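Beneath this line is the structure, given in structure tokens, with notes to follow.
The values are calculated or read from the model by the stated rules, or taken from the named source; none is laboratory data. These numbers were taken from a predicted model, which means no experiment stands behind them. When we count neighbours, we look across all protein chains shown, and the Cβ atoms used for this are built from the backbone with ideal geometry, even at glycine.
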């Protein structure tokens, strides 16, 4: 097991290096620091000195990959690639283009993101499984048919409308919760309620349909027929046999997104004004702060790879037939 | 003077490819069988009509030209305007040019905001001024408006029904002629829903669409049926123009990513070894970067490029078009990985099948095996993915535009409509019509696409076919 994990982690290294190279090419070769400086300074006719000063103050003035002027290891380390890209491997994110410490900001903004993402995921899964089981229980009837139709209708609505609709109904019409904002501690609850509700509702369409397919696939299998032939009640068959076995494919879908919960949801957070990592990323995008976007790209890929690893490990835990070598 | 954008060219290329595929599939029974099953589904055929309706508007909006100005008196030379318009723009010119000052509600006769108006006796008063175009034919809007709307709407609906009746007759006559049956028996079968292709649901959907478009067209000549936006532009016009943007993103993205996904997926599965390793590495790396962030990074970079090379584009719309194309490209880069992985798995299974082994033993070249034996057997996966991706991409456009990494802000798109309307949510009375229009148009397109793709998947997926 441990050998497997270590090997998988080693496999992850080339992928992370690939991600790093790709972002480096995207951010520094396609667009040279001169271009970035020019667009940051906002004028196409800025002087060469101004660009040089900006580059120097943000550390973009060094050579790209190889520094011929430096001594010893400095030839490789005293470069933009090493300073800006490779240091990400040590989770040293450096400073954003506006001068703030990115690592500190990420540490601060992680918690509001989790406070929204975790309840949304948990409640969402419970709701979807309930609906999925319900529809599977009534399979072949009108409830099944209209349930699926409702799912298709729900998943044809853009997520933006769920947010706007939720804000309008719950906050503006009924004045139940504040429209947007965030607070620390217990006070955060009333701010979290709306985003979580919106997040759950917007996921019902696709989630329920997906779980229904899973359950129906499982219901068609031989062991279910055997269970029924033994005279078990339909409830018992569904909850004791089908649900447990359907949990295996269900789990893989969930575990892989777990680490990514840290990243938060871009749209929900910026709509509701939550100071999480999602809105941090959006701010970075909108201010054209390349350092922030680069850090978040790297962080996202690391978390994704961790998610894949966790998925494989969780397989062995729930399904004794799977053995990792 | 004809002027084609890059996306226009690609769209017509795509239309050509679809036509070629239809001609190719017509003569092959194994390709026709699943399509016949799609044709038997009433919901799917109804959705297809809606989709075709959208595509028709999108295509009309994709033939761009620069209108000729009135010829110069001196030398008789024809000059062309700088503005690039499409055939669709030209058809709906009244919608486009009748601009108000600012917001006005659907069917309103008065502006949304108060203005200082000078009365005939010289005094000044704050009141809601009449609109320049909306309901301007009425002398007393308060009493006459409802009757006028109802009568105009009814008249238009009757006109629409007549046109629909003619269309139905044409279809029935053509079917009767083709099948050598009496018109009465064709009509009877159709009404009972016994035809092999569900003409009934198609014609009903067509009827609803025709009547709606007639009503909308006639009312639009007198009112702003979906209101006007902040700068007084007709919202109905904006929503119609957004159709093209949505369709371009939904279709061109797949067109761009398809060659990569199919080629690499097949190669990885077929050749295995180091080819497989390299391709797997490539798509794992790409898919491990969160999609939105990769798109954001790429669009940011494009923005910097456009800012620094602003002189190279002759017009704003040309720049917006390039950005749209680039967005399709980058969406394609982020979305090909899952299809590629799926195709690789399928090819791995297929290459062990007997007939492939036989082909290998007979010394058939790799290329021939791939194109003749493997590709046709994974085509259903490709088709299902393409159709399923379409609605997801249309929805993604709105979200991306909201985050301001979507299409150019000057371009009409549902995302931009939502984005600009969102800021007006707090106003009293609420400015709801932009959101409403974007919602209705997007929802009907995506719903139709979803329903159609469900039927398509049921018909094409061999696993689902076995279950029945």
- Item | From A:126, A:169, A:154, A:114, residue being farther than 30 Å from residue B:450 by Cα, in the same structural domain as residue A:215 (by TED's automatic domain parsing), at pLDDT 80 or above and part of a helix (DSSP H, G or I) | A:114
- Query: Among the residues of segment A:266-286 satisfying the criterion of being surrounded by fewer than 24 Cβ atoms within 10 Å (Cβ to Cβ) and more than 10 Å from chain B (Cβ to nearest Cβ), which is farthest from residue A:87 (Cα to Cα)?
  - Reply: A:273
- Could you list, in sequence order, all residues of segment B:285-313 that are at the interface with another protein chain (Cβ under 9 Å from one of its Cβ atoms) and farther than 23 Å from residue A:266 by Cβ? B:305, B:307, B:308, B:310
- Failed item in (1) closer than 24 Å to residue A:215 by Cβ; (2) within 14 Å of another protein chain (Cβ to nearest Cβ), with residue A:163 passing the rest: (1)
- Assuming residue A:130 fulfils every condition listed in (1) closer than 30 Å to residue A:200 by Cα; (2) buried (at least 19 other Cβ atoms within 10 Å of the Cβ); (3) more than 14 Å from every other protein chain (Cβ to nearest Cβ) apart from one, which condition is it? (2)
- Only residues in segment B:1-18 that are farther than 16 Å from residue B:58 by Cα count as the first member; pair them with residues that are surrounded by fewer than 16 Cβ atoms within 10 Å (Cβ to Cβ), Cβ under 8 angstrom, at least 6 apart or cross-chain, and list the lot. B:1/B:68; B:1/B:80
- Boolean, residue B:31 is farther than 23 Å from residue B:247 by Cβ, surrounded by 13 or more Cβ atoms within 10 Å (Cβ to Cβ) and without any contact (Cβ under 8 Å) to a residue 24 or more places away in the chain: yes
- Item | Flag for residue B:396 being assigned to a helix (DSSP H, G or I) and surrounded by fewer than 23 Cβ atoms within 10 Å (Cβ to Cβ) | no
- Note on the structure: The number of residues in segment A:135-151 that are surrounded by fewer than 16 Cβ atoms within 10 Å (Cβ to Cβ), assigned to a helix (DSSP H, G or I) and away from chain B (no Cβ under 14 Å) is 2
- Message: For segment B:409-452, give me the residue count where each residue is surrounded by fewer than 24 Cβ atoms within 10 Å (Cβ to Cβ), under 24 Å from residue B:330 (Cα atoms), more than 10 Å from every other protein chain (Cβ to nearest Cβ) and touching a residue at least 24 places away in the same chain (Cβ under 8 Å).
- Response: 3
- Given (1) within 14 Å of chain A (Cβ to nearest Cβ); (2) part of a helix (DSSP H, G or I); (3) within 30 Å of residue B:301 (Cβ to Cβ), residue B:406 misses just (2)
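For (1) under 26 Å from the mean Cα position of the chain (by Cα); (2) closer than 23 Å to residue B:299 by Cα; (3) within 14 Å of another protein chain (Cβ to nearest Cβ); (4) at pLDDT 75 or above, each residue gets a yes or a no:
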residue: A:8; (1), (2), (3), (4): yes, no, yes, yes
residue: A:36; (1), (2), (3), (4): no, yes, yes, no
residue: A:48; (1), (2), (3), (4): no, no, no, yes
residue: A:51; (1), (2), (3), (4): no, yes, yes, yes
residue: A:73; (1), (2), (3), (4): no, no, no, no
- Does residue A:320 satisfy being more than 11 Å from chain B (Cβ to nearest Cβ), outside any helix (DSSP H, G or I) and at pLDDT below 80? yes
- Task: Kindly provide the set of residues from segment B:351-368 that are under 11 Å from residue B:266 (Cβ atoms) and surrounded by 18 or more Cβ atoms within 10 Å (Cβ to Cβ), ordered by number.
- Result: B:351
- Any residue at all in segment B:142-152 that is outside the structural domain of residue B:204 (by TED's automatic domain parsing) and surrounded by 12 or more Cβ atoms within 10 Å (Cβ to Cβ)? no
- Report whether or not residue A:315 is over 25 Å from residue B:402 (Cα atoms) and either within 14 Å of another protein chain (Cβ to nearest Cβ) or touching a residue at least 12 places away in the same chain (Cβ under 8 Å) (or both). yes
- Task: Kindly indicate whether residue B:211 is modelled with pLDDT of 85 or more, outside the structural domain of residue B:384 (by TED's automatic domain parsing) and either on the phi < 0 side of the Ramachandran plot or not in a loop (DSSP other than H, G, I, E, B) (or both).
- Result: yes
